[in-house]
Amino acid sequence: ETGVTQSPTHLIKTRGQQVTLRCSSQSGHNTVSWYQQALGQGPQFIFQYYREEENGRGNFPPRFSGLQFPNYSSELNVNALELDDSALYLCASSFRPGGTDTQYFGPGTRLTVL
Amino acid sequence: DQQVKQNSPSLSVQEGRISILNCDYTNSMFDYFLWYKKYPAEGPTFLISISSIKDKNEDGRFTVFLNKSAKHLSLHIVPSQPGDSAVYFCAASGGTYKYIFGTGTRLKVLA
């Protein structure tokens, strides 16, 4: 059974640029959630995708957007990068949407915005 | 407004002793709670969960206790091992799609 994978591991961007992060869900999981973890903080929910549709969104601006593909993999896109977007971005997958299904996390992508 | 709070940023415990990590929450709508462990440069690893219909759940060395009236949960690790040294996050959900995480407690188990 393959776990959640994310790419790239690290990347460095400059302010104003755009970035795309990728996530492959665990085998058998059809739901993907994205979280942002700033230094010294817990992960903060960005949004969740279920069957290629956004299923819920946290308190993040529209320049954070996502996609889910038919194979349940997912992308997180961030436009007009700001310095405060520097963080660890975590993807988590689960069997079903909703909050009572355990979410399993990938290793994360460390984004640095200069 | 921090709905899930871990008030102890760090904790040190001797190997073989009990580690107790605490978590408080404010939202009475939360009905599912989880603990994750995180090593540096890795994503959070699921440890144990508990539904609000229970007050205790055990899995090997890990036990989670839930006190709904106090809006408090705790994770007990017995016996503690050096490999348990990591940052521990509690998380809660209220039947919606998202988890709300605490800020984490760094556990150090001393050999």
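The values are calculated or read from the model by the stated rules, or taken from the named source; none is laboratory data. Because the structure is predicted, anything quoted here is derived from the model rather than measured. Neighbour counts run over all protein chains shown; Cβ positions are idealised from the backbone, glycine included.
Answer yes if at least one residue in region B:86-96 is at positive phi, within 13 Å of chain A (Cβ to nearest Cβ) and assigned to a loop (DSSP other than H, G, I, E, B), and no otherwise.
yes
Give the number of residues within region A:33-77 that are farther than 30 Å from B:S8 by Cβ, away from chain B (no Cβ under 11 Å) and either touching a helix residue (DSSP H, G or I) at 6+ places or on another chain (Cβ under 6 Å) or not basic (K, R) (or both).
18
Could you check region B:17-84 for strands (runs of 3 or more DSSP E) lying wholly inside it with 1 or more residues that are out of contact with any Ser or Thr (no Cβ under 9 Å at 6 or more places or on another chain)?
Here the list reads B:19-25, B:45-51, B:56-59, B:62-67, B:72-77.
Has region B:94-104 got any residue that is small (G, A, S) and either without any contact (Cβ under 8 Å) to a residue 60 or more places away in the chain or surrounded by fewer than 16 Cβ atoms within 10 Å (Cβ to Cβ) (or both)?
Kept after step one, since they are small (G, A, S), are these residues of region B:94-104: B:94-95, B:102, B:104.
Pick out the ones that are also either without any contact (Cβ under 8 Å) to a residue 60 or more places away in the chain or surrounded by fewer than 16 Cβ atoms within 10 Å (Cβ to Cβ) (or both) and you get B:95.
Looking for residues that are small (G, A, S) and either without any contact (Cβ under 8 Å) to a residue 60 or more places away in the chain or surrounded by fewer than 16 Cβ atoms within 10 Å (Cβ to Cβ) (or both), one finds at least one in region B:94-104, hence yes.
Name the residue, out of A:N59, A:N71, A:N77, that is among the polar types (S, T, N, Q), under 12 Å from the mean Cα position of the chain (by Cα) and surrounded by fewer than 17 Cβ atoms within 10 Å (Cβ to Cβ).
A:N77
Kindly indicate whether A:C23 is more than 24 Å from B:G94 (Cα to Cα), within 13 Å of chain B (Cβ to nearest Cβ) and either touching a residue at least 24 places away in the same chain (Cβ under 8 Å) or not in a strand (DSSP E or B) (or both).
Considered against the rule, which asks whether it is more than 24 Å from B:G94 (Cα to Cα), within 13 Å of chain B (Cβ to nearest Cβ) and either touching a residue at least 24 places away in the same chain (Cβ under 8 Å) or not in a strand (DSSP E or B) (or both), A:C23 comes out as yes.
For A:T9, indicate whether it is loosely packed, with under 15 Cβ neighbours inside 10 Å and polar (S, T, N, Q).
Working: loosely packed, with under 15 Cβ neighbours inside 10 Å: yes; polar (S, T, N, Q): yes.
So A:T9 fits the description; yes.
Which of (1) at the interface with another protein chain (Cβ under 10 Å from one of its Cβ atoms); (2) within 20 Å of B:S8 (Cβ to Cβ); (3) of a type in the set (A, V, I, L, M) is the odd one out, the single condition B:L66 does not satisfy?
B:L66 satisfies every listed condition except (1).
Could you count how many residues in region B:68-91 are of a type in the set (G, A, S), surrounded by 19 or more Cβ atoms within 10 Å (Cβ to Cβ) and under 10 Å from the mean Cα position of the chain (by Cα)?
Summing the residues that are of a type in the set (G, A, S), surrounded by 19 or more Cβ atoms within 10 Å (Cβ to Cβ) and under 10 Å from the mean Cα position of the chain (by Cα) in region B:68-91 gives 1.
Out of the residues in region A:80-96 that are among the polar types (S, T, N, Q) and in contact with a His (Cβ under 7 Å, 6 or more places away or on another chain), which is surrounded by the most Cβ atoms within 10 Å (Cβ to Cβ)?
The qualifying residue surrounded by the most Cβ atoms within 10 Å (Cβ to Cβ) is A:S93.
Please name all residue pairs, on different chains or six or more residues apart, with Cβ atoms under 8 Å, provided the first residue is in region A:88-105 and is more than 8 Å from every other protein chain (Cβ to nearest Cβ) and the second residue is at pLDDT below 85 and part of a loop (DSSP other than H, G, I, E, B).
That search, which allows pairs on different chains as well, returns A:S94/A:D101; A:F95/A:D101.
Filter region B:25-67 down to residues that are out of contact with any Gly (no Cβ under 8 Å at 6 or more places or on another chain), in contact (Cβ under 8 Å) with a residue 24 or more places away in the chain and loosely packed, with under 15 Cβ neighbours inside 10 Å, then give me how many there are.
3
Look at region B:9-24 and say how many of its residues are within 14 Å of chain A (Cβ to nearest Cβ) and surrounded by 13 or more Cβ atoms within 10 Å (Cβ to Cβ). Explain how you work it out, then say what you get.
Filtering region B:9-24 down to residues within 14 Å of chain A (Cβ to nearest Cβ) leaves B:9-10, B:21, B:23-24.
Of the ones still in play, those that are also surrounded by 13 or more Cβ atoms within 10 Å (Cβ to Cβ) are B:21, B:23-24.
Here the count works out to 3.
Any idea which of B:N57, B:N67, B:N22, B:N27 is modelled with pLDDT under 95 and on the phi < 0 side of the Ramachandran plot? Reasoning before the result, please.
Numbers: B:N57 fails: modelled with pLDDT under 95; B:N67 fails: modelled with pLDDT under 95; B:N22 fails: modelled with pLDDT under 95.
Sole residue among the options that is modelled with pLDDT under 95 and on the phi < 0 side of the Ramachandran plot: B:N27.
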